[in-house]
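Worksheet for the structure shown next.
A short reminder: the numbers here are calculations on the coordinates, not readings from a lab. All values reported here derive from a predicted model rather than from experimental measurement.
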């Protein structure tokens, strides 16, 4: 497992992937934070993703990570795409057979690969958290929002909790991406299907049939990142997410272990 982890990180450290992904995720988190604070109203306003973002709410202890939590959908799509392409690429480039010769225990190989992608994404979320919080302080100063509660113990705790929740949700998207990469064995197909579902399809379902929001994987992951929403409680979203991820992991492991690798 350790060798699989190390070999996967060799690929993840490629400059185009590493810097490209980290810069993109940092830019998204900062942009959503700017929009969240910039569009906030005196009593109630609609921020990114349709979330209510009044100025009074942003001044509370959790206001510093409001933008970070709102950027989860895009961060999740990026994590999904990276994980799906990294997994499917092994099939498409014919490198999986050679890797399994070095590590024939397929479950350990898969776990090592998943842990590498997960740590890669957690590092990106950590960077995004720092950038988003810094941008939140800048925007709060510009909008005249008091930040006293942000620097108190409750505010620092909210920053840590926000980072953990967003990181968990991002890793969840990565697991779904790896599973679809195993199922499709094609980077293009896996990424295209995943993005098509997570963005237009699921968003349309959640907005038109509101009762389905609490049962859609993307919506549940978004609720986890936000620590629960007005319509989806944190406990419900966490349990639902774990069930989806357990099923996805089971499918991915079963296919990966049982399939023959021809090339």
Is the range 164-229 rounded, prolate or oblate when judged by the Cα gyration tensor, a ≥ b ≥ c being the square roots of its eigenvalues, rounded requiring a/c under 1.5 and prolate requiring a/b larger than b/c? oblate
Run lengths n ≥ 4 of DSSP H only: what is the helix-derived mean residue ellipticity at 222 nm for the chain, with -39500 (n - 2.57) per run over all residues, to the nearest 500? -24500 deg cm²/dmol
Taking only Cα atoms and a 10 Å spring cutoff, compute GNM fluctuations for the chain and point out the largest among 33, 129, 95. 95
I'd like the orientation of helix 15-38 relative to the chain: the angle between its Cα long axis and the longest Cα principal axis, in ° from 0 to 90, rounded to 10. 20
Using only alpha-carbon positions, what ratio does the radius of gyration of the chain give when scaled by 2.2 N^0.38 Å? 1.05
Between residue 204 and residue 105, what is 0.36 nm times their sequence separation minus the Cα-Cα distance? Round to one decimal in nm. 31.5 nm
Relative to the longest principal axis of the chain, what angle (0 to 90°, nearest 10) does the C-alpha long axis of helix 187-196 take? 30
Note the angle between two axes, namely the Cα long axis of helix 153-184 and the longest principal axis of the Cα atoms of the chain, as a number of degrees from 0 to 90, rounded to the nearest 10. 30
The range 2-258, relative contact order [Cα under 8 Å, separation at least 6], %: 25
